[in-house]
Amino acid sequence: MVTDPISDFIIRLKNSSDAKKATVIVIASKLTENIAHALKKAGYISSVDKSKTKRELELGIITFDGVPRINGVERISKPSRRLYQKAADIRSFRSGFGNTIFTTSKGIMTDVDAKKLKLGGEILFKIW
């Protein structure tokens, strides 16, 4: 049983990219599917395929010349401690080479999109 599905999701992504795997299978839920689509839009994963029979998502990991796009992840807001940030306080991460994933009133999005729409929200994790 997974107590924190977001941590499980991002660690599976990081571990499979470190192992130079082309795909990874994660537990499907509305939350993880929305995070996967936000990461696809940001350019970290190439495909999101939902299994018809099982509650699984198969994600394709983007690589450039054998080097995976995902180098690291950091969980910010945890079940024991939720962290929120206003739109005015959102800053770029790793000089624009990384992204912070937020959950806002308009859905899950990257820091760039949240800043553009002037939306704050819960900081889920950082990815680079």
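The values are calculated or read from the model by the stated rules, or taken from the named source; none is laboratory data. Treat the numbers as computed from the prediction; the structure is a model and nothing was measured. In this analysis, Cβ positions are derived from the backbone assuming ideal geometry, glycine residues included, and neighbour counts consider all displayed protein chains. What goes into the accessible areas is simple: the full protein's heavy atoms, side chains included, and nothing from ligands, DNA or RNA. Shrake-Rupley method; radii C 1.70, N 1.55, O 1.52, S 1.80 Å.
Kindly provide the set of residues from the range 95-105 that are over 16 Å from the mean Cα position of the chain (by Cα) and either farther than 12 Å from GLY120 by Cα or among the hydrophobic types (A, V, I, L, M, F, W, C) (or both), ordered by number.
Once the filter is applied, which keeps residues that are over 16 Å from the mean Cα position of the chain (by Cα) and either farther than 12 Å from GLY120 by Cα or among the hydrophobic types (A, V, I, L, M, F, W, C) (or both), the range 95-105 yields only SER95.
Might you check whether a residue that is open to solvent by 70 Å² or more (accessible area, probe 1.4 Å), in contact (Cβ under 8 Å) with a residue 24 or more places away in the chain and more than 11 Å from the chain's Cα centre (by Cα) occurs anywhere in the range 26-39?
yes
What number of residues within the range 1-25 satisfy the criterion of being more than 11 Å from ILE61 (Cα to Cα) and either of a type in the set (Phe, Trp, Tyr) or open to solvent by less than 50 Å² (accessible area, probe 1.4 Å) (or both)?
Of the residues in the range 1-25, 6 are more than 11 Å from ILE61 (Cα to Cα) and either of a type in the set (Phe, Trp, Tyr) or open to solvent by less than 50 Å² (accessible area, probe 1.4 Å) (or both).
For the range 43-72, how many residues are open to solvent by less than 30 Å² (accessible area, probe 1.4 Å), among the hydrophobic types (A, V, I, L, M, F, W, C) and out of contact with any helix residue (DSSP H, G or I) (no Cβ under 7 Å at 6 or more places or on another chain)?
0
Are any residues in the range 92-114 among the basic types (Lys, Arg) and over 25 Å from ILE62 (Cα atoms), and if so, which ones?
LYS106, the sole residue that qualifies.
One line per residue, one yes/no per condition, for (1) under 24 Å from ILE123 (Cα atoms); (2) touching a Leu at 6+ places or on another chain (Cβ under 6 Å); (3) without any contact (Cβ under 8 Å) to a residue 12 or more places away in the chain:
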position	(1), (2), (3)
LYS14	yes, no, no
LYS20	no, no, no
LYS52	no, no, yes
LEU57	yes, no, no
ILE61	yes, no, no
PHE64	no, no, yes
SER77	yes, yes, no
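Where in the range 1-65 are there strands (runs of 3 or more DSSP E), lying fully within it, with 3 or more residues that are of a type outside the set (D, E, K, R) and touching a Ser or Thr at 6+ places or on another chain (Cβ under 8 Å)?
Passing ranges, in order: 23-27, 56-61.
Considering only the range 91-113, I want to know if a residue exists there that is surrounded by 15 or more Cβ atoms within 10 Å (Cβ to Cβ) and of a type in the set (D, E, K, R).
Checking the range 91-113: at least one residue is surrounded by 15 or more Cβ atoms within 10 Å (Cβ to Cβ) and of a type in the set (D, E, K, R).
Does the range 73-90 hold any residues that are part of a strand (DSSP E or B) and either among the aromatic types (Phe, Trp, Tyr) or open to solvent by 50 Å² or more (accessible area, probe 1.4 Å) (or both), and which are they?
Passing the criteria: GLU74, LYS78, ARG81, TYR84, GLN85.
Can you run down the residue pairs with Cβ atoms below 8 Å, 6 or more apart or on separate chains, where the first is in the range 82-97 and of a type in the set (S, T, N, Q) and the partner is in a loop (DSSP other than H, G, I, E, B) and surrounded by 10 or more Cβ atoms within 10 Å (Cβ to Cβ)?
Pairs that qualify, where the first residue is of a type in the set (S, T, N, Q) and the partner is in a loop (DSSP other than H, G, I, E, B) and surrounded by 10 or more Cβ atoms within 10 Å (Cβ to Cβ), are GLN85/GLY120.
With respect to ALA38, determine if the residue is under 22 Å from SER105 (Cα atoms), out of contact with any strand residue (DSSP E or B) (no Cβ under 8 Å at 6 or more places or on another chain) and at pLDDT 95 or above.
The answer is no for ALA38.
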